[in-house]
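Scroll down for the structure; my scribbles are underneath it.
The values are calculated or read from the model by the stated rules, or taken from the named source; none is laboratory data. Just so you know, these numbers come straight off a predicted model, no measurement behind them. A quick note on method: Cβ atoms are made from the backbone with ideal geometry, for glycine too, and the neighbour counts reach across all protein chains shown. In case anyone asks, the SASA skips ligands and DNA or RNA and just uses the protein heavy atoms, side chains included. Shrake-Rupley method; radii C 1.70, N 1.55, O 1.52, S 1.80 Å.
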Amino acid sequence: MRYVLIAVVILSLIIISYIFASNRLAYNNCMIQAKSDYASKKGAEHVAAQCKAFILEKIMVKN
């Protein structure tokens, strides 16, 4: 019984860590596009602003 409790606690910590890190991982993935060689400076700034607004700040989220 003790091992089951420890396993549940560890699994809960892993799930909570993933939930907190998922937004940052999505943001980092989005920012890869902004750093590409083929994008102009203005285009890269636009993509970076979209990444920040839609992923980190969640401006366009349906509740």
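Could you check, for region 32-42, whether at least one of its residues is free of Cβ contacts under 8 Å to residues at least 12 places away in the same chain, within 15 Å of the chain's Cα centre (by Cα) and at negative phi? Spell out the reasoning first.
First, the residues of region 32-42 that are free of Cβ contacts under 8 Å to residues at least 12 places away in the same chain: 32, 35-42.
If we keep only those that are within 15 Å of the chain's Cα centre (by Cα) as well, we get 32.
Okay, now just the ones that are also at negative phi, so 32.
Yes: region 32-42 contains one or more residues that are free of Cβ contacts under 8 Å to residues at least 12 places away in the same chain, within 15 Å of the chain's Cα centre (by Cα) and at negative phi.
Can you find a residue in region 3-24 that is of a type outside the set (Lys, Arg) and touching a Leu at 6+ places or on another chain (Cβ under 6 Å)?
Initially, region 3-24 is screened for residues of a type outside the set (Lys, Arg), giving 3-23.
Going one step further and asking which of them are touching a Leu at 6+ places or on another chain (Cβ under 6 Å), we end up with none.
The answer is no; no qualifying residue exists.
Among the listed residues ILE19, ILE6, which satisfies the condition of being open to solvent by 100 Å² or more (accessible area, probe 1.4 Å) and either of a type in the set (Val, Ile, Thr) or at pLDDT 90 or above (or both)?
Working: ILE6 fails: open to solvent by 100 Å² or more (accessible area, probe 1.4 Å).
Matching residue, one of ILE19, ILE6: ILE19.
Across region 22-40, what is the total count of residues that are surrounded by 10 or more Cβ atoms within 10 Å (Cβ to Cβ) and among the charged types (D, E, K, R)? Talk me through it step by step, then tell me what you get.
Kept after step one, since they are surrounded by 10 or more Cβ atoms within 10 Å (Cβ to Cβ), are these residues of region 22-40: 22-36, 39.
From the residues that got through so far, the ones that are among the charged types (D, E, K, R) too are 24, 35.
Looking only at that region, the number is 2.
Could you check region 37-52 and list, in sequence order, the residues that are farther than 13 Å from ALA26 by Cβ and assigned to a helix (DSSP H, G or I)?
Keep residues of region 37-52 that are farther than 13 Å from ALA26 by Cβ, which gives 37-49.
Matches in region 37-52: LYS41, LYS42, GLY43, ALA44, GLU45, HIS46, VAL47, ALA48, ALA49.
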